[in-house]
Amino acid sequence: MASFEELVEAARRLVEQPLSFSLESFLRVVEDYVNSLPENLKESYLGVMVGPYRKVVKRKDLPRVLREDPEFRERFIHFLAGE
Amino acid sequence: MVVVKLVVLAPYYEIATYIWSPYLRGWVAKELRARCAEPVLLWADDANRRKLWEAVKDTETYGVLGVGHGWEKGIVGQKDEVLLRVGDEITPEWKKVVFAPVSCLVGKELVPWLVEQGVPAGIGEVTEYWFTAEKINPSGESPEEDQLLKYFLYAEYTFWFRLAEGVTAGEAYDAMIAEYQRQAELAKQVDPMTYRCLVVDWQNRKFFGDRNYKLPLAPGRILTRTEVSAAGKRLPKDRRDVVTVAGRVVAEDGSVPRGWVTVRVVSKLGERSDSVALGEDGTFSVVFEFQWERNEDVEYSVTAAYGGWVGERCYVPSRAETTLTVKSTLVPTLLRIEKAVAVRDGPLVHFGVSGVLRDADGVPLAGKVVEVVAGDGEIRRTWAETREDGTFVAEVSKSYPPLQTKAAVYARFKGDDTYQGSEDMRIVAFPPNWDFVKILVAAATAAALLLALLLAALL
């Protein structure tokens, strides 16, 4: 189980210390975070309104989408890391 | 009669727009009409470049809002058709139009560029605009349909609603940012991800252009001013506060507005709201009650929002805010010693004390602890609990000098978080220590006798 704060911390570590914290470790934190959500939030959407590239995903699908879509992954990590 | 038109971009062709645009067609359009502005809805296939530019050419159009996917240099509508981009020829009609749709990244280049071309004011996100939502394809009649997206909707459209209410673009923008912050705090307990989105969104939602720009006042559109005051009363015995909110709505032309006022009161004890109709003189009044557990100061934030009225004339909504602190208040009490007796037992004096504890209204207080103290020198104390009828009985013992024959006894209620403390005192008489007196007399007698014998022998 991971809290949202742990998810943010993992994103920051990935941005600031890419050599000591792997993408796989980050994705495991995402999975733990998603698993810890109540059902209504697992089924809710997270979206971003970028022109030609746009994305809305169910939160329960975040781990899969982050693995499959590098652009979304990049934007999501920087959104969390506050950069 | 209503001649301020606002173009509402509402493409409807993929998930983000399925989520957001129904609220533009329903709730936002309704709220704009209530503010005497006419939404020109470009829904689904109508959210295209030709229709947008035609709508802007209308001399009565003064704004573009809504939603659209964006990038640094442009914004797209239905099926990703580019609606507007850096480098377009900005015709003179655009130079009266506030441009502020929700869109990613347009604050980086597109909106500043539009302002350079003469657009009076605009708002644009300098990063991505993130959001959370529960539902695809809602009816869109109320933000309450979606318990996540509602935070974004209430915050974002504060700008347009306030602008239509007659404030400047800068004031409307400030109100929007404040509302984003307020909504973020509300969302924090519900979902930290939503909180994060709201914070990132408002921190990167930038204003460009003339802060003093205002929408023109259409004929028949009457600005209003809401006045509000609040009074609070603490009822410690009932463990509740009664907050009375009263006020009036004043029209700038001196006429009496019609319509409803929504009053909301927020404190750490919770939130209450109610909608009340304006009286014939434009006044309103509403009473709320808040239960509390701890008798401490409570600050209440009060908002009164007049929703406007569209009839033969169009009264523009207005709002007012105030705060109120209800101070902790304790109920006075009266403690009375009704009987106090003392019995001497050698050096010890035993006191029997009875009395009653009542509140200021004379109501007996049960279950309260009363301290009974025998005074003078080293004190002795005991405690008794009041019965159903408020009475108490206590005994306390203490040594006194053999010749002391009176002392003070005290009964004291220290108070609690509802009741003030109170106390009473009695001087109680008791006999001297007769055993000691007898010894003293015997000793004196013996000494006198000895002295007499000594004197006789000497003589």
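Quick look at the numbers
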{"read-out": "For q = 0.28 Å⁻¹, Debye-computed log10 I/I(0) when each Cα of region B:22-67 counts as one equal scatterer", "value": "-1.16"}
{"read-out": "Principal semi-axes in Å for chain B [√(5λ), Cα gyration tensor, largest first]", "value": "82, 23, 17"}
{"read-out": "Cut-off under 5 Å, modelled amide H: who pairs with B:Gly68 long-range", "value": "B:Val102"}
{"read-out": "Cross-link pairs B:Lys30/B:Lys95; B:Lys188/B:Lys327; A:Lys55/B:Lys57 - those with Cα-Cα distance over 31 Å", "value": "A:Lys55/B:Lys57"}
{"read-out": "Per residue convex hull volume, Cα atoms of the protein assembly as shown, in Å³", "value": "265 Å³"}
{"read-out": "Relative contact order (%) - criterion: Cα under 8 Å, at least six apart; region: chain A", "value": "32 percent"}
{"read-out": "Shielding by partners, peptide B:64-72 (average Cβ within 10 angstrom, other chains)", "value": "2"}
{"read-out": "B:Leu235/B:Thr91 FRET efficiency (R0 51 Å; Cβ-Cβ; nearest 0.05)", "value": "0.20"}
{"read-out": "In sequence order, calculated HN-Hα J values of region B:279-288 (Karplus, 6.51, -1.76, 1.60; Hz; x Gly/Pro)", "value": "x, 5, 9, x, 9, 8, 7, 8, 10, 10"}
{"read-out": "Region B:222-265: C-alpha pair distances exceeding 12 Å, %", "value": "67 percent"}
{"read-out": "Within the protein assembly as shown, helix-based [θ] at 222 nm, where runs of 4 or more DSSP H residues each add -39,500 (n - 2.57), nearest 500", "value": "-8500 deg cm²/dmol"}
{"read-out": "Descending semi-axes in whole angstrom, ellipsoid equivalent of chain A, from the Cα gyration tensor", "value": "19, 17, 11"}
{"read-out": "Two-site label geometry, A:Glu9 and B:Ala178: point separation in nm, points 7 Å out along Cα→Cβ", "value": "3.6 nm"}
{"read-out": "Overall Cα dimensions of region B:221-326 - principal axes, largest extent first, Å", "value": "51, 19, 17"}
{"read-out": "Difference of contour (0.36 nm per residue) and Cα-Cα distance, A:Lys58 to A:Ser22", "value": "10.6 nm"}
{"read-out": "log₁₀ of I(q)/I(0) at q = 0.17, 0.22 Å⁻¹ - region B:1-102, Debye sum with one point per alpha carbon", "value": "-0.71, -1.17"}
{"read-out": "Expected-Rg normalisation [2.2 N^0.38 Å, Cα atoms] applied to region A:36-83", "value": "1.15"}
{"read-out": "Exercise: per-residue mean of other protein chain Cβ atoms within 10 Å, A:35-48", "value": "5"}
{"read-out": "Mean Cα-pair separation over length for chain B, i.e. relative contact order, pairs under 8 Å, 6 or more apart, %", "value": "10 percent"}
{"read-out": "Total formal charge among the other residues, if their Cβ is under 11 angstrom from that of B:Arg196, Lys/Arg +1 and Asp/Glu -1", "value": "-2"}
{"read-out": "Full-extension gain in nm, B:Lys327 to B:Asp376, via 0.36 nm per residue minus C-alpha separation", "value": "13.8 nm"}
{"read-out": "Cleavage-rule hits, trypsin sites (Lys or Arg not before Pro), region B:222-304, DSSP coil, Cβ neighbours within 10 Å at most 10", "value": "B:Lys268, B:Arg294"}
{"read-out": "Scaled radius of gyration (Cα, divided by 2.2 N^0.38 Å) that region B:4-209 gives", "value": "0.93"}
{"read-out": "Accessible surface of the protein assembly as shown, 1.4 Å probe, proportion on carbon and sulfur as whole %", "value": "52 percent"}
{"read-out": "Cysteines without a disulfide-compatible partner [chain B; Cβ-Cβ under 4.7 Å]", "value": "B:Cys104, B:Cys197"}
{"read-out": "Potential lengthening between B:Gln203 and B:Ile439 on full extension [0.36 nm per residue; Cα-Cα distance subtracted]", "value": "75.7 nm"}
{"read-out": "Filtered GluC sites (Glu not before Pro), region B:358-459: DSSP coil and at most 16 other beta carbons within 10 Å", "value": "B:Glu378, B:Glu388"}
{"read-out": "Residue mean of other protein chain beta carbons inside 10 Å, B:127-136", "value": "6"}
{"read-out": "For region B:146-292: relative contact order, % (alpha-carbon pairs under 8 angstrom, 6 or more apart)", "value": "17 percent"}
{"read-out": "Globularity index of region B:333-436, i.e. its alpha-carbon radius of gyration over 2.2 N^0.38 Å", "value": "1.13"}
{"read-out": "Cα point-scatterer Debye curve for region B:139-180, base-10 log of I(q)/I(0) at q = 0.18 Å⁻¹", "value": "-0.50"}
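The values are calculated or read from the model by the stated rules, or taken from the named source; none is laboratory data. All figures in this text were calculated on a predicted structure; none of them were measured in a lab. Every residue, glycine among them, receives a Cβ derived from its backbone with ideal geometry; neighbour counts consider all protein chains shown. Quick note on the areas: whole protein, heavy atoms, side chains included, nothing else; ligands and nucleic acids left out. Shrake-Rupley method; radii C 1.70, N 1.55, O 1.52, S 1.80 Å.
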